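J.: Dropping a structure here in structure tokens format, bear with me for questions.
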Amino acid sequence: MGLAGINLNSMGGADTVSTGTTESAGNGDNFVYNVDVSPGETVTLTGNWESADGGDGQFNGSNGSYAATNGPSFGTFTLDPASGAMSWTFNYDDLVANGGLEQSPVFQVSGQDFWGNQDIDTVTVNITCFVGGTLIATPAGEVPVESLAIGDLVTTADGRAVPVKWIGRQTIRNHVFVSDRMMPVCIAAGALGSGVPHTDLYLSADHGMIVDGLVVNAGALVNGETIRFVSLSDMPAEFRYYHVETEAHDEILANGAPAETFVDYVGRKDFENYQEYLDLYGSERLIPEMRRVRISARRQLPKHLRDRLGVASFSEAVDRDAAELMARLIAA
């Protein structure tokens, strides 16, 4: 690393930027950050490089300079060669177009002192998105679900303000062994009615939406067009599900669409921060389910809902899948 080295002092600026690991690798370090970016969002990440000996930002304290030896391939990236101040602005479409969802963006920054000693460090940005970024209605306006905290107020569909008791988190590390049951469902803007949701909504297949007075699991609403499963191959290397728990089994608004809060229909043990719940409340509690009929499978959907949303009946879906399979066998 020469006579001195450089460090990325911090990075921030997005809704959620969390530090991963910092790994030494030969003559440089690898700084890993996890960043939530959702469809339609533009983020600006900012950071400050400094000399490893705690100087004022000048590499090795005198006449140093910073440079991006392998800067990000998309968005707008700036790096002040004297101070080490860094900024990177990009949007979700930039990520998709440049493969940032499938492979974490990586860039390198070098610092060189007066004597020519050089240190090159690597920054890896893991993108998490989709369910992170869902906008939850609160008395103060819509707030990304990942920005909510225990005790914050959320607004129910009937206009009440209720406090958040807990937010379950489940991080999916996407690889060949992940079951297809982890595929998110995308409900396109307007798919459930005029302006409902107001923006494409991504959620797990077993998350209940309130449709025509029924609690309908998102997976049962899939019609292959305006409501569809998102293939895991189209997902980033890591993504995260959130579930908001309130005192009761409530109906809140997610991207303007009525959706259920947590009910122990799915166990809290399935969430990575389960211990946090036990530390807060000592033991689990039962939540009485709201007095609405739950539809958990497509074959249970009433005909009027199937017709309105364009959802094929169970028998129609079986026939269609069989025809597609036969076509593939013949083509092979």
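The values are calculated or read from the model by the stated rules, or taken from the named source; none is laboratory data. Just so we're clear, the structure is a prediction, and the values are computed from it rather than from any experiment. No Cβ is skipped: glycine too gets one built from the backbone with ideal geometry, and neighbour counts run over all protein chains shown. Ligands, DNA and RNA are stripped out before the accessible areas are found, and what is left, the full protein with its side chains, is counted by its heavy atoms. Shrake-Rupley method; radii C 1.70, N 1.55, O 1.52, S 1.80 Å.
J.: How far apart, in nm, are the 7 Å Cα→Cβ label points at residue 294 and residue 280?
T.: The modelled label-to-label distance comes out at 2.1 nm.
J.: While we're looking at this one, here's another question. For a test of the definition: using alpha carbon positions, the gyration tensor, and the 1.5 limit on a/c, classify region 181-272 as rounded, prolate or oblate.
T.: Judged from the Cα gyration tensor, region 181-272 comes out oblate (a/c at least 1.5, b/c at or above a/b).
J.: By the scheme Lys and Arg +1, Asp and Glu -1, what is the net charge of all other residues having a beta-carbon under 9 Å from that of residue 284?
T.: Once positives and negatives cancel, what remains is +2.
J.: Here's a follow-up. In square angstrom, rounded to the nearest 10, how much accessible surface does residue 119 have for a 1.4 Å probe?
T.: Its accessible surface works out to 0 Å², give or take rounding.
J.: Can you classify region 137-245 as rounded, prolate or oblate using the Cα gyration tensor, where a ≥ b ≥ c are the square roots of its eigenvalues, rounded means a/c under 1.5, and otherwise it's prolate if a/b beats b/c and oblate if not?
T.: Verdict is oblate for region 137-245.
J.: Tally Lys/Arg at +1 and Asp/Glu at -1 over every other residue whose Cβ is under 11 Å from the Cβ of residue 204; what's the total?
T.: Working: positive: 181, 240; negative: 206, 270.
Surrounding charge for residue 204 is 0.
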